[in-house]
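What follows is a short report on a single structure.
The values are calculated or read from the model by the stated rules, or taken from the named source; none is laboratory data. What you see is a predicted model; the values in this text were computed from it and never measured. Cβ sites come from the backbone with ideal geometry, for glycine too, and all protein chains shown count toward neighbours.
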Amino acid sequence: MTDKELMEIAVKAREMSYSPYSNFRVGAALLGLSGKVYTGCNVENAGYTPTNCAERTALFKAISEGEHEFTAIAIVGGLGDTLNDLCAPCGVCRQALSEFCDNSFRFILGNPKEIKVVTMGEILPYSFGKGDLKL
Ligand code: THU
């Protein structure tokens with residue numbers, strides 16, 4: 001699976017975005033260690049706060065299907081039909097992913113025309129994790 005292929009799966013997943021309030025449409029494709037890809041889109045809500053980001057939709061689908069190890073996630077987003085040059089994951093999604101992904105986990109950002117890659121270690125330094133809770 002190349003970065004571009006994973007990105008293209010994220011673009012396809014974005015078609016399912018339910019975003020009537022922001023019209024900011026996001027798609028994500030999370031690559032499991034098994035090779036399986038879990039897709040997600042953002043799911044908004046009239047109450048606003050129950051909104052779920054595309055990245056966490058993909059992550060929760062994966063966990064609920066028994067996969068706990070991941071190597072990369074591709075993320076694409078933008079208003080309406082446009083694809084932004086960069087749709088960086090929000091802080092909540094970085095933290096949610098960090099529960100299962102180490103510092104070498106890769107974020108494949110941008111769009112199929114221009115891909116930028118950053119690691120978990122770069123995007124979420126000095127993080128709080130399960131290691132902190134060990135006595
Ligand atoms: N959103 C995501 O799905 N992922 C992100 O990383 C950033 C934000 C969604 C949430 C909301 O539906 C919309 O984009 C605008 O914030």
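The set of residues in segment 15-72 being closer than 16 Å to PHE100 by Cβ and within 12 Å of the ligand (Cβ to nearest atom) consists of ALA28, GLY40, CYS53, GLU55, ARG56, THR57, ALA58, LEU59. Checking the stated criteria, LEU79 turns out to be more than 15 Å from ILE9 (Cα to Cα), within 13 Å of the ligand (Cβ to nearest atom), in contact with a Phe, Trp or Tyr (Cβ under 6 Å, 6 or more places away or on another chain) and modelled with pLDDT of 95 or more. Look at (1) within 15 Å of the chain's Cα centre (by Cα); (2) within 24 Å of LEU86 (Cα to Cα) and you find that TYR21 fails only one, number (1).
Per-residue answers, yes or no, for (1) touching a helix residue (DSSP H, G or I) at 6+ places or on another chain (Cβ under 7 Å); (2) farther than 13 Å from GLY110 by Cβ:
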position	(1), (2)
TYR21	no, yes
ARG25	yes, yes
LEU30	yes, yes
GLY40	yes, yes
GLY47	no, yes
CYS53	yes, yes
LYS61	no, yes
GLU65	no, yes
VAL76	yes, no
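Of LEU97, LEU30, LEU6, all but one fail to be farther than 25 Å from PHE128 by Cα and not acidic (Asp, Glu); the exception is LEU6.
Need at least 1 residues that are without any contact (Cβ under 8 Å) to a residue 60 or more places away in the chain and surrounded by fewer than 17 Cβ atoms within 10 Å (Cβ to Cβ) per element, so show me which strands (runs of 3 or more DSSP E) inside segment 13-127 make the cut, counting only ones lying wholly within it.
Numbers: elements: 24-32, 37-41, 70-79, 106-111, 114-119.
Strands (runs of 3 or more DSSP E) meeting the threshold: 24-32, 70-79, 114-119.
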